[in-house]
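The values are calculated or read from the model by the stated rules, or taken from the named source; none is laboratory data. Since we're looking at a predicted model, the values are computed, not measured. Neighbour counts run over all protein chains shown; Cβ positions are idealised from the backbone, glycine included.
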Amino acid sequence: MSIDDKVNGTEHSSTSSLQNYVNQLLPQGSIRRNYVVDTLAVWSFYNPPFALMEYCWAGLNGEEVLKSRLMAITLQATTTRLIYAPLRQWWADIWKADYTSSKFKKWIVDTTGFMMYQIPVYTATLLVAGANESEIKKALPAGIILGILSGRPFGWWMDKFRKYLGGSKPTLDR
C-alpha cells in the first residue's frame, strides 16, 4: 500500500503508482513503452555515479558535469533502446546466454556487450561537454572501470525494470 493509500484510507492492488502511470500512458508491448522503460533504466542507473565520478575524480567543474550529464541523457535517450538494447540481445544470442546461464556467463555477456557500446558513447559525451585532455585522460579510464564493474549490475537492473514496468522481454534475468 502506498503512502497515498494510507492517507486516503483506500487500498489498491499491488501495482505501484509508477506502474499505474506507465500503464495509463503507454500500452503494454508498444514501441514507446519499451523505449521509455529502457531509457528510464539507463538514466536512473548510470547518471548519478558518473556525475559523482566526473566531479570528484576527473575534476570536471559543475558546469562541465551538468553538460556531460545532459549530453549523456540525450545520447542515452537516443541510443539505449535503438542501439544498446538490440546489441545486448544480439550479444546474448551469440553467446547462447539467457536466464538459465551461469552468473559468470551473464557477467561476461553484459560486461563485454556494455563496453562495446559505452566507450565510444562516453568519449563523445566528454568531448561535447568540453572536457580538456587532462580531464578526459582521467574520466575515460575511470568510466571504463565503472563500466566493467557495472555492466552486469546494469543488465540485471534493465531486466528488472522491464519486468516491473512491462517493457521488452528481459534478456538474461526473469
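Return the pair list, or none, for Cβ contacts closer than 6 Å from residues in the stretch 146-160 that are on the phi > 0 side of the Ramachandran plot and at pLDDT below 95 to residues that are assigned to a helix (DSSP H, G or I) and acidic (Asp, Glu), at least 6 apart or on different chains.
From residues that are on the phi > 0 side of the Ramachandran plot and at pLDDT below 95, there are no pairs.
Quick one: in the stretch 56-81, of everything that is of a type in the set (Ser, Thr, Tyr) and either buried (at least 16 other Cβ atoms within 10 Å of the Cβ) or modelled with pLDDT under 90 (or both), which residue is nearest to Ile136 (Cα to Cα)?
This residue is Ser68.
Can you give me the number of residues within the stretch 153-174 that are crowded, with 20+ Cβ neighbours inside 10 Å, among the charged types (D, E, K, R) and more than 18 Å from Thr79 (Cβ to Cβ)?
1
Name the residue that is nearest to Tyr117 (Cα to Cα), counting only residues in the stretch 1-50 that are of a type in the set (Gly, Ala, Ser) and at pLDDT 90 or above.
Going through the qualifying residues, I end up with Ala41.
Can you tell me which residue is surrounded by the fewest Cβ atoms within 10 Å (Cβ to Cβ) among those in the stretch 87-123 that are touching a residue at least 40 places away in the same chain (Cβ under 8 Å) and outside any helix (DSSP H, G or I)?
For the stretch 87-123, the residue satisfying everything is Tyr99.
Give me the residue from the stretch 21-53 that is touching a residue at least 12 places away in the same chain (Cβ under 8 Å) and aromatic (Phe, Trp, Tyr) and, out of that set, nearest to Lys160 (Cα to Cα).
Phe45
Quick check on the stretch 101-112. Is at least one of its residues under 15 Å from the mean Cα position of the chain (by Cα), among the polar types (S, T, N, Q) and under 21 Å from Val36 (Cα atoms)?
no
For the stretch 54-64, which residues satisfy the criterion of being closer than 16 Å to Tyr122 by Cβ and without any contact (Cβ under 8 Å) to a residue 24 or more places away in the chain?
Listed by number, the list holds a single entry, Tyr55.
In the stretch 87-118, what count of residues is obtained for those that are at pLDDT below 95 and under 21 Å from Ile31 (Cβ atoms)?
Residues flagged as at pLDDT below 95 and under 21 Å from Ile31 (Cβ atoms) within the stretch 87-118 amount to 1.
Exactly one condition in (1) closer than 25 Å to Arg33 by Cα; (2) in contact (Cβ under 8 Å) with a residue 24 or more places away in the chain; (3) part of a helix (DSSP H, G or I) is not met by Ser168; state its number.
With respect to (1) closer than 25 Å to Arg33 by Cα; (2) in contact (Cβ under 8 Å) with a residue 24 or more places away in the chain; (3) part of a helix (DSSP H, G or I), Ser168 is out only on (3).
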